[in-house]
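Accompanying notes for the structure given below.
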Amino acid sequence: MKFADIKIGDKATVKHTITDKDIEKFVDLTGDDNKLHVNKEFARNTEFKHPVVHGMLGVSFISTVIGTKLPGDGALWFSQTIDFLRPARVGDTITVTGEVLSKNENTKIIELKTEILNQYKQVVTTGIAKVKMVEQEKSLKTTKAENKENDEKAIIVLGATGGIGKATALKLAKDGFNIIIHYHTNKDVAEEIKKQVQKIGRKAIIHQADLLDISSIDVFLEAIRRSFSSIYGLVNCSTVKVPAIKFLNLEWHYFQDHFDINIKSSFYLLQKVLPIMETNKSGKIVFITTQAIESPNAEWLPYITAKAALNGFTKALAIEFAPKGITFNMVSPGMTDTDLLSEIPQKVKMLTEARTPLRRLCMPEDVANCIAFLFSHSADFITGETIRVNGGQVML
């Protein structure tokens, strides 16, 4: 933020659920292994009865508010008063808020009320922060370079560590796009993809997010905004395993898992991403559907049902957002040679190859090439469409 844009009463907030792993990391970093924080037996014999989270662990999130949100880049946090009013425990969800109380035009210093609440709206910590705004000195050359970077297009690849996701990220990078690499658990693969994208000469960031947690999505998108001025596109390659289960042996949670990753996660994300694209008056969304909708597998009912719902979801959005310059399309692969096929018998794979006119399985690169086409200007007049990448197994 610029100093002139800051107003008295402005607020910014971050939320975080404290875990045992947070405590371990804090102890490793600081060396503060006070038994009141880390030893349940010791804490049980005190007035607190349970371990107490380090007070400064919570306070560190004040730095997150100041450094990334209010005022953000260029903030020099130089003074802080702190009153610890009640303990925080592992499992608590803390809400950390900064509110502007005053600003000094001459010194470029703002004063913020800082407050940490637990999930019961009880005040854990309160205080006053003082922050000086440090503005960057820019030469004309630097300004031009930054303006050029702001014009570059970035695409979010969800589930980028899977076979199709990785191939898609690398193909889009080769086509000149900057890549936001999403992962859920496989950080090592995400880091490797980032290195490969950077070797190609494009910018890349990685970020972990639970796509079924709206607060995690908020943090994910905030990290994107700090690196890119806009979002050009989003492709959702995330998935869950597809076990073969007969109908009478199914439980509802198998359906719920597939609905959640296909519909719920897309719902949460698009409510945050589409307003950004509306501002830019352009954007492209690509979802991965499946050939199994048109050529069903007998024991994939939850997967097929959720993908059929995704088809309707996509086409309805394509109609609604077409006047705003935003397109929605789907890519429908046949059986694709990725890790998800590890549980499918080799005989089934061979039969599929034999039934395919082009006589092979679909490769991740085949799908990635099709996705890349939809992000190109050659596909600007295509929306609500499903492009099949199945070697001729289904022809319409």
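Calculated FRET efficiency, residue 271 to residue 185, Cβ-Cβ distance, R0 = 22 Å: about 0.35 to the nearest 0.05.
Please report the antiparallel percentage of DSSP beta bridges with both residues in the chain, rounded to the nearest 5.
On the way: 32 of 60 bridges.
Given both bridge residues lie in the chain, the antiparallel proportion sits at roughly 55 percent.
Shown is the FRET efficiency for residue 226 and residue 36, computed with R0 = 41 Å from the Cβ-Cβ distance and rounded to the nearest 0.05: 0.70. Within the set [x] 0.98; [y] 1.16; [z] 1.04, the number that Cα Rg over 2.2 N^0.38 Å takes when calculated for this structure is listed as [y].
Report, in degrees rounded to the nearest 10, the 0 to 90 angle that the Cα long axis of helix 364-375 makes with the longest principal axis of the chain. Taking the Cα atoms of the chain, the angle to 364-375 is about 70 degrees.
When 301, 211, 76, 29 are arranged by Cβ crowding within 10 Å, least crowded first, meaning fewest neighbours, the order is 29, 76, 301, 211.
Extension gain residue 245-residue 320, at 0.36 nm per residue separation less the Cα-Cα distance, in nm? Mind showing how you got there, number by number?
Numbers: separation 75, 0.36 × 75 = 27.00 nm, distance 3.64 nm.
Roughly 23.4 nm would be gained on extension.
List the longest stretch of the chain that has no exposed loop site; here a site is one of the GluC sites (Glu not before Pro) assigned by DSSP to anything other than H, G, I, E or B, with at most 11 other Cβ within 10 Å. Longest site-free region, per DSSP loop and neighbour criteria: 252-396.
Normalised by the number of residues in segment 165-242, the mean separation of alpha-carbon contacts (under 8 Å, six or more apart) gives a relative contact order of 26 percent.
Its DSSP H runs of at least 4 residues, each contributing -39,500 (n - 2.57), put the calculated 222 nm mean residue ellipticity of the chain at -12000 deg cm²/dmol, to the nearest 500. Where in segment 364-396 is the amide nitrogen less than 19 Å from a point lying 7 Å along the Cα-to-Cβ axis of residue 354? The answer is 391-394.
For the chain, the longest principal axis of the Cα atoms and the long axis of helix 187-200 meet at an angle of about 80 degrees. Shown is the FRET efficiency for residue 174 and residue 64, computed with R0 = 41 Å from the Cβ-Cβ distance and rounded to the nearest 0.05: 0.75. Are any of the pairs 21/121; 2/203; 25/174 more than 29 Å apart by Cα-Cα distance, and if so, which? Over 29 Å Cα-Cα: 25/174. With neighbour counts taken as other beta-carbon atoms within 10 Å, the residues 279, 125, 13 rank, fewest first, as 279, 13, 125. With respect to the chain, whose longest principal axis is taken over its alpha-carbon atoms, helix 20-30 is tilted by about 50°. Modelling each spin label as a point 7 Å along the Cα-to-Cβ direction, I'd like the residue 111/residue 79 distance in nm, to one decimal. Taking the simple label geometry, residue 111 and residue 79 are separated by 0.8 nm. Spin-label model, residue 102 to residue 21: label points 7 Å out along the Cα-to-beta-carbon direction sit 4.3 nm apart.
Read-outs throughout are calculated quantities, based only on the coordinates presented, and are distinct from any laboratory measurement. In this text, all values refer to a predicted model and were calculated from it rather than measured experimentally. Cβ sites come from the backbone with ideal geometry, for glycine too, and all protein chains shown count toward neighbours.
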